[in-house]
Amino acid sequence: MINITFPDGSVRPYEQGITGLQIAESISPALARSVVSCGVNGETVELNRPINADAKIALYKFEDEEGKHSFWHTSAHLLAEALKELYPGIQFGFGPAIEAGFFYDVLLPNGEQIKEGDFANIEKKMMELAKKDEPLVRKEISKADAMASFGADGQTYKCEHIEQDLEDGSITTYTQGNFTDLCKGPHLVSTGAIKAVKLTSIAGAFWRGDAKREQMQRLYGISFPKKKMLDDYLVMLEEAKKRDHRKIGKEMELFMFSDRVGKGLPIWLPKGTDLRLRLQDMLRAIQKRFGYQEVITPHIGSKNLYVTSGHYAHYGKDSFQPIHTPEEDEEYMLKPMNCPHHCEVFAWKPRSYKDLPFRCAEFGTVYRYEKSGELHGLTRVRSFTQDDAHIFCRPDQVKSEFLRVLDIIQAVFSIFGFKDDQVEFQISLRDPNDKDKYIGTDEMWASAQNAIIEACKERGLNARQEEGEAAFYGPKLDCMVKDAIGRRWQLGTIQVDYNLPVRFDLEYTAEDNSKQRPVMIHRAPFGSMERFVAVLIEHTAGHFPLWLTPDQVAILPISEKYNDYAEQVRRFLDTKGVRATVDNRNEKIGRKIRDNELKRVPYMVIVGEKEAAEGNVAMRQQGGGEQAVMSMAEFAQRINDEVAEQLSATNIEPKD
């Protein structure tokens, strides 16, 4: 017999060789029908994998992230199986599950191309195969057998992958029907659980991401265990298109891109700059109350700085290449991270235990070399500004400082309307089986990870733990939000770091005059200004809170005769701190209203003969809401009261 421990801590005895599916059946038939994979000692595996020793188990449904991954991974194989039947001679690259569905990279013979018009036929074939309920059979094979098998099938790219990336004794394949793929898993037990599929798009993708190699076609898709779930997803997808931050950003004149400037390098237009600076000012006000000191550091740094920090070794391939100065034989890099610069700020003068914690903040622009095919609006760029800060503290201050940062992040989420049930927390830990990815000692990692876990427990956060997701220098708490249509976005992060202070030889003088190492906490409530604005646009569909929106009021004169009065209203509102513009185009009032609705201006005031004579404005809320006539002073007070109410969530103070 073996003991199986469940997530709630309960333990049940089972016979050796029991499977996850059999365990689910022992609990309830309904559960067995809904689970798609299981976790055994933290590893996600198929439901039919035997368990031969005491283990901790978790049963995953499609609703769970692990369950979706298994479901969509199997769906990628189902797509490949369908393509193999429809397109003889097709070459396969990689086909993983992704955050929302799956993709497969393929290359058709003789320069043929799959087109969107072919999607319906491919989907039909996928469902035809799924209905056969083909079992997925896992097999461990040698490298020689793998080369022989995939070579005989003419799979050039699979053979290259085997030759260059895989080691003998570690190769597994999965077979369903007439299709076999190299894969570590996990998968569904069989394809019959897949009840609805949809191919969503097609794009070009260079083999191994190398622009010098062949360009394959990447087919994206998504699948579900119920057709209604697909129908709901397609409705959400249509809504997402309407909320696309690239489309709305253009309509609202917030930002732009220029190929002459360079791909992935956003340019903030006046209205977008106004919005971004207001976000920064809001966070600055909070940080000042929490004892942060702001600094500005260069956009470049010596390569040696990033060698010392470890960023060059771990992020060098994702950074822009060093700039060489031949006369002085020096090398510089565009700044990929702010933290090494802040370490130097701490080190510039002697520090005492009385100086700690030292909280150093910067809206620092950093640069990463993202492949052009991976760039996407403001969410994936080559230049972005982090709302970065680094706290240098004593070991006994780590938990209290971590909780203070958490207070700031939760206040930021609150002001933008993200409620508790829309916010998720993940503790990202080191992978204990792959320590080469990380720097520092086991003791340092244990201290850092325990500090985060204890702080989350004290705050009552239901934070999930994920091994292998930590930064190379320390564990972190990642903060995810669900937007208005249910999509998950990763925003703020807090990281505890015992390692960089060692690499930079940072120290402070303790109360007993000994030299001690500080602990470093990295934090960014927004994450990056670019990504946060993109998420905010898509969450609000461009209908920003009144305090944040670039133009709070559009003043619409009925005709040119009232342009002067409209300007008088604008000047008065300006004296009251209300941001207003005058739409004095020679257009009908209906056209002006429609155009300013499209620009998502929260309030419009219409002025004509009666308003000018009485010194009033005719107010109209965006979206055809409330309409009323009032004095200029009453209207300005209404705006300012609404702004004050919205900003009340930022009036937080440190609890100690």
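Once a ≥ b ≥ c are taken as the square roots of the eigenvalues of the Cα gyration tensor of the stretch 390-464, is the result rounded (a/c under 1.5), prolate (a/b larger than b/c) or oblate (a/b not larger than b/c)? Intermediate results must be reported in sequence, preceding the final value.
On the way: a/c = 2.36, a/b = 1.60, b/c = 1.48.
Prolate, since a/c reaches 1.5 and a/b exceeds b/c.
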Cα→Cβ-extended label distance, 7 Å offset, between Glu25 and His376, nm: 4.0 nm
Positive-end extreme of charge dipole, the stretch 1-159 - chosen from Gly93, Gly20, Leu83 (charges on Cβ): Gly20
Per-residue ³J(HN,Hα) for the stretch 304-319, Karplus 6.51 cos²θ - 1.76 cosθ + 1.60, θ = phi - 60°, Hz, x for Gly and Pro: 4, 4, 7, 5, 4, 6, x, 5, 5, 5, 9, 10, x, 6, 9, 9
R0 of 41 Å, Cβ-Cβ distance Lys515-Ala144: FRET efficiency to nearest 0.05: 0.10
Cα gyration tensor category, rounded, prolate or oblate, for the stretch 565-621 with a/c compared to 1.5: oblate
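What does the charge add up to near Gly169, with Lys and Arg as +1, Asp and Glu as -1, over the other residues with Cβ less than 9 Å from its Cβ?
Around Gly169, the surrounding residues sum to -2.
In square angstrom, what is the accessible area per residue of the chain with a 1.4 angstrom probe?
Details: 31100 Å² over 656 residues.
About 47 Å² of surface per residue is accessible.
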Among Gln465, Met444, Ala455 the positive-end extreme of the charge dipole of the stretch 443-483 (Cβ point charges): Ala455
DSSP-loop trypsin sites (Lys or Arg not before Pro) across the stretch 404-482, with at most 11 other Cβ within 10 angstrom: Lys419
Of the GluC sites (Glu not before Pro) in the stretch 1-57, those whose Cβ has at most 15 other Cβ within 10 Å and which sit in DSSP loop: Glu15
Cα-Cα over 27 Å, subset of Lys68/Lys125; Lys228/Lys599; Lys288/Lys399: Lys228/Lys599
Cα-based reach from Lys158 at 16 Å (exclusive), listing lysines while leaving out same-chain residues under 8 positions away: Lys84, Lys143, Lys184
Cα centroid separation - the stretch 334-396 against the stretch 145-214, whole Å: 39 Å
Residue-count net charge about Tyr498 - beta-carbon cut-off 9 Å; Lys, Arg +1, Asp, Glu -1: -1
Rounded, prolate or oblate (a/c below 1.5 giving rounded, otherwise prolate when a/b exceeds b/c) for the stretch 68-189 by Cα gyration tensor: oblate
Selection from Val398, Asn616, Ser428 lying farthest towards where the dipole of the chain points positive, charges on Cβ: Asn616
Computed magnitude of the charge dipole of the stretch 551-656 (debye, nearest 20; Cβ of K, R +1, Cβ of D, E -1): 400 debye
Under 30 Å from Lys592, Cα to Cα: lysines that are on another chain or at least 8 residues apart: Lys241, Lys242, Lys247, Lys250, Lys271, Lys561, Lys576, Lys610
Antiparallel bridge percentage (DSSP; both residues within the chain; nearest 5): 85 percent
Long-range amide H partners of Val582 with built H, under 5 Å: Ile555
Integer Hz, Karplus 6.51/-1.76/1.60 couplings in order for the stretch 367-382, x for Gly and Pro: 9, 10, 8, 8, 4, 4, x, 9, 5, 8, x, 8, 7, 9, 10, 9
Accessible surface, 1.4 Å probe, highest first, among residues Lys271, Lys288, Lys226, Lys592: Lys288, Lys226, Lys271, Lys592
Backbone HN-Hα couplings from phi across the stretch 482-488 [Karplus 6.51/-1.76/1.60, Hz, Gly and Pro as x]: 9, 7, 4, 10, x, 7, 9
Total charge dipole magnitude, the chain, about the Cα centre, Cβ charges on Lys, Arg, Asp, Glu only, Debye to nearest 20: 1340 debye
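Please give the charge dipole size of the stretch 127-192, origin at the Cα centre, charges +1 on K and R Cβ atoms and -1 on D and E Cβ atoms. Round to the nearest 20 debye. Show your work: numbers first, answer last.
Working: 7 positive and 12 negative charges, 53 e Å.
About 260 debye.
The values are calculated or read from the model by the stated rules, or taken from the named source; none is laboratory data. A quick note: this is a predicted structure, and the numbers were derived from the prediction, not measured. For neighbour counting, all protein chains shown are included, and Cβ atoms are generated from backbone atoms with ideal geometry for every residue, glycine included. What goes into the accessible areas is simple: the full protein's heavy atoms, side chains included, and nothing from ligands, DNA or RNA. Shrake-Rupley method; radii C 1.70, N 1.55, O 1.52, S 1.80 Å.
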